[in-house]
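The values are calculated or read from the model by the stated rules, or taken from the named source; none is laboratory data. On a predicted model such as this, the values are computed, not experimentally measured, just so you know. Please note: Cβ atoms are built from the backbone with ideal geometry, for glycine as well, and neighbour counts cover all protein chains shown.
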Amino acid sequence: MNQQKSFKAGSRLEKVLLSGHFAVTAELGPPKSADLELVRRKIGYLKSYVDAANITDNQTAIVRLSSIATATVLCQNGLEPVIQMTCRDRNRIAIQSDILGAYALGIKNILCLTGDHQSLGNHPGARGVFDLDSIQLVQMLKVMRDEKRFLCGEEIRNSPKAPVVEPRMFIGAAANPFGDPFELRVVRLAKKIAAGADFIQTQCIYDMKRFRQWMQQVQDKGLHQKVHILAGLTPLRSVRMAQYMKQSVAGVTIPDEIIQRMAQAKDPAEEGVKICVEQIEELKEIEGIAGIHLMAVAWEKIVPVIVERAGLMPRPSV
């Protein structure tokens, strides 16, 4: 993607991507309690190894410490956050309120998601909101930032004579290259870019052949020149994990050869790291890949190992 003259939000992540560096982000899962010590421990694993940490928003519809509260702790400890915002739990009033609150607390990156259905979590009887979908959420954020208006059309100011203070956020969206029907995957990506997405985070990749096919379609439409694409990676810890993800996680495809490698490995966790590093090396060579997003589920401490072995240290100064 071409260098731009000005920043939309001025976050570290935006600066790294605009400078042409290969970005590294990682997922940080908030605790299922109010235990901030767990958050600080995870910050210790990721700080200086990633350009930003993506904080999940009640992932898999399980109650956790809020993404915005967790992000505030990251800001206090020198690690840039990317908050997630799902459409499952909030209507447009609450979402816009949370966006203002997050920006007021110093948060400049956001990832817009529909959200895992509540039936999958620990409150399956909860009522889903879904007032907006993820594309509409991206569009609403862009209107708030660039047009300085709420979705209803009102300017973002306290009174007619007060200054406009809009939330200047770097806007992200998700993409799943492995869903069906395959031919519609790039169509949906194009809609998110048109709505205002500045960066894209993909579903975790194991099937590199299919991912390359998706990226070829992205390149054919020139979409890689309009948005920064972060390739999602989840390091495997065991063959059981690989089998579970293949059979039970929607939108994830794992080739048989990876299952076999994990099954035959003397040290499955070490083999999982090797596979992840091999994937990073391959992703570096694909046109349009601006960086990686490491989703080391409940395994954040492995992120420094992967980043070091992949030759992605030191992180750039911007």
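Being free of Cβ contacts under 8 Å to residues at least 24 places away in the same chain and polar (S, T, N, Q) narrows it down to one residue among SER134, SER119, SER97; which is it?
That would be SER97, the only listed residue that is free of Cβ contacts under 8 Å to residues at least 24 places away in the same chain and polar (S, T, N, Q).
Residues to consider are ASP198, ASP131, ASP116, ASP146; find the one that is at pLDDT 95 or above, in contact with a helix residue (DSSP H, G or I) (Cβ under 6 Å, 6 or more places away or on another chain) and of a type in the set (Asp, Glu).
So the residue among ASP198, ASP131, ASP116, ASP146 that is at pLDDT 95 or above, in contact with a helix residue (DSSP H, G or I) (Cβ under 6 Å, 6 or more places away or on another chain) and of a type in the set (Asp, Glu) is ASP131.
Scan segment 213-230 and tell me whether some residue there is in contact with a strand residue (DSSP E or B) (Cβ under 8 Å, 6 or more places away or on another chain) and either among the small types (Gly, Ala, Ser) or farther than 26 Å from GLN136 by Cα (or both).
no
Only one of these is of a type in the set (Asp, Glu) and more than 18 Å from the chain's Cα centre (by Cα): GLU300, GLU285. Name it. Write out each step before concluding.
Numbers: GLU300 fails: more than 18 Å from the chain's Cα centre (by Cα).
Exactly one residue qualifies, and that residue is GLU285.
Would you check which residues across segment 208-235 are farther than 26 Å from GLU271 by Cα and assigned to a loop (DSSP other than H, G, I, E, B) and list them?
LYS221, GLY222, LYS226, VAL227
What are the pairs, 6+ residues apart or on separate chains, where a residue within segment 296-312 that is over 18 Å from PRO268 (Cβ atoms) has its Cβ under 8 Å from a residue that is exposed (fewer than 15 other Cβ atoms within 10 Å of the Cβ) and at pLDDT 95 or above?
Listed by first residue and then by second, the contacts come to VAL307/MET313; ALA310/GLU281.
Looking at ARG188 and the list (1) at pLDDT 95 or above; (2) over 23 Å from ALA52 (Cα atoms); (3) touching a helix residue (DSSP H, G or I) at 6+ places or on another chain (Cβ under 6 Å), which single condition is not satisfied?
It fails just one condition, (3).
Out of curiosity, is GLY106 farther than 16 Å from THR56 by Cα, of a type outside the set (Val, Ile, Thr), under 20 Å from the mean Cα position of the chain (by Cα) and surrounded by 13 or more Cβ atoms within 10 Å (Cβ to Cβ)?
Working: farther than 16 Å from THR56 by Cα: yes; of a type outside the set (Val, Ile, Thr): yes; under 20 Å from the mean Cα position of the chain (by Cα): yes; surrounded by 13 or more Cβ atoms within 10 Å (Cβ to Cβ): yes.
For GLY106, the condition - farther than 16 Å from THR56 by Cα, of a type outside the set (Val, Ile, Thr), under 20 Å from the mean Cα position of the chain (by Cα) and surrounded by 13 or more Cβ atoms within 10 Å (Cβ to Cβ) - is met.
For segment 84-103, which positions are over 12 Å from GLN59 (Cα atoms) and of a type in the set (A, V, I, L, M)? Spell out the reasoning first.
Applying the first criterion (over 12 Å from GLN59 (Cα atoms)) to segment 84-103 yields 87, 90-103.
Residues satisfying the conditions are ILE93, ALA94, ILE95, ILE99, LEU100, ALA102.
Determine, yes or no, whether ILE171 is touching a Pro at 6+ places or on another chain (Cβ under 6 Å), buried (at least 21 other Cβ atoms within 10 Å of the Cβ) and either closer than 25 Å to ALA69 by Cα or modelled with pLDDT of 95 or more (or both).
Answer is no for this residue.
Mind checking which residues of segment 178-201 are in a strand (DSSP E or B) and either among the hydrophobic types (A, V, I, L, M, F, W, C) or surrounded by fewer than 23 Cβ atoms within 10 Å (Cβ to Cβ) (or both)?
Going residue by residue through segment 178-201, those that are in a strand (DSSP E or B) are 199-201.
PHE199, ILE200 - these are the residues of segment 178-201 that are in a strand (DSSP E or B) and either among the hydrophobic types (A, V, I, L, M, F, W, C) or surrounded by fewer than 23 Cβ atoms within 10 Å (Cβ to Cβ) (or both).
When you go through (1) assigned to a helix (DSSP H, G or I); (2) touching a residue at least 40 places away in the same chain (Cβ under 8 Å); (3) touching a Phe, Trp or Tyr at 6+ places or on another chain (Cβ under 9 Å) one by one for ARG168, which number turns out not to apply?
(1)
Which of the residues spanning segment 32-41 are over 26 Å from GLU14 (Cα atoms) and either in contact (Cβ under 8 Å) with a residue 24 or more places away in the chain or part of a loop (DSSP other than H, G, I, E, B) (or both)?
Across segment 32-41, the qualifying residues are LYS32, SER33, ALA34, ASP35, LEU36.
Filter segment 244-295 for residues that are in a loop (DSSP other than H, G, I, E, B), without any contact (Cβ under 8 Å) to a residue 24 or more places away in the chain and acidic (Asp, Glu); which is surrounded by the most Cβ atoms within 10 Å (Cβ to Cβ)?
ASP267
With the requirement that a residue be more than 16 Å from VAL24 (Cα to Cα) and among the acidic types (Asp, Glu), what does segment 266-282 give you?
ASP267, GLU270, GLU271
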